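Here is the structure we will look at.
Coordinate-derived values only; no laboratory data. Remember, it's a predicted structure, so these values are computed and weren't measured experimentally. Note that each Cβ is placed from the backbone with ideal geometry, even for glycine, and that neighbours are counted across all protein chains shown.
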Amino acid sequence: MHITGQGKSRSTALARLALPGLAVVVASLLLAGKATAQRVGNPVVPEPLKPVDLPRYLGRWYEFARYDNRFEWHCEAVTAEYFQRPDGLIGIVNTARRGSPGGRVRVATGRAKIVPGSGNAKLRVSFFGPLFWGHYWVLDHDDAYEWAVVGEPSGKYLWLLTREAVPGSELQELLVARARALGFDTHRLHRTLQ
């Protein structure tokens with residue numbers, strides 16, 4: 001009996017010591033998750049405004065501005081190249097430079113598929129193999145395909161793209177105004193150095 005009681009009191013004492021430690025670990029993980037969680041810049045992302053003429057959308061785009069995100073931290077001189085693949089998917093080559101327009105080059109290749117019934121304005125993109133597909137919505141674009149506002153349904157990501165590496169001030173103001181009109185917090189935009 002004494003041994004059982006001793007084991008019971010020892011396990012109770014260990015539990016008393018372990019619980020505060022466990023609480024600290026859990027609290028630390030929750031705070032770390034909150035600190036690294038992507039903030040929502042638009043809680044109600046609208047549907048794309050118009051269909052996309054895919055052959056006209058393909059080609060090279062320069063990133064004028066974006067919401068910072070973990071896969072583009074410290075990236076400048078960002079471009080995206082879209083092309084038709086023989087298998088019917090769209091090929092993607094994203095290029096960026098680390099830290100500055102003269103920094104080390106980083107390249108990410110991926111693929112995209114059109115979401116049926118979306119007028120080519122919604123795509124699913126993958127840079128990590130067949131199991132992981134993200135949303136890519138062309139929310140707005142001009143008729144000449146000189147600029148585009150790209151996002152996704154969570155409101156955490158936003159890209160303002162142009163065909164020119166450095167768009168004129170008029171186009172810069174127009175793009176920011178278009179993003180704001182779509183409900184995005186434009187104060188969060190990172191202007192990409194090209």
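Per-residue Karplus couplings for the range 84-100, computed as 6.51 cos²θ - 1.76 cosθ + 1.60 with θ equal to phi - 60°, are listed in order as 6, 8, x, 7, x, 7, 9, x, 10, 10, 9, 10, 8, 10, 6, x, 7 Hz, Gly and Pro entered as x. Residues whose amide H lies under 5 Å from that of C75, counting only those 5 or more places away or on a different chain, are G99; hydrogens are built 1.01 Å from N in the peptide plane.
Kirkwood Rh and Cα-based Rg: tell me the resulting Rg over Rh for the range 39-180, rounded to two decimals. Walk me through the intermediate numbers first.
On the way: Rg = 14.5 Å, Rh = 15.5 Å.
Value, to two decimals: 0.93.
Label-to-label distance, R60 versus R191, with points set 7 angstrom from Cα along the beta-carbon direction: 2.3 nm. Partner aspartates and glutamates whose Cα lies under 14 Å from the Cα of K113, excluding those fewer than 8 positions away in the same chain, are identified as D87. Under 13 Å from the Cβ of A77, count the other residues' Cβ atoms, weight Lys and Arg +1, Asp and Glu -1, and hand me the total. That works out to +4. Annotation: amide H-H contacts under 5 Å for A65 (H modelled 1.01 Å from N, sequence separation of 5 or more, or interchain): L160, T192. The calculated FRET efficiency for the pair R163 and F128, based on their C-beta separation and a Förster distance of 35 Å, comes to about 0.80.
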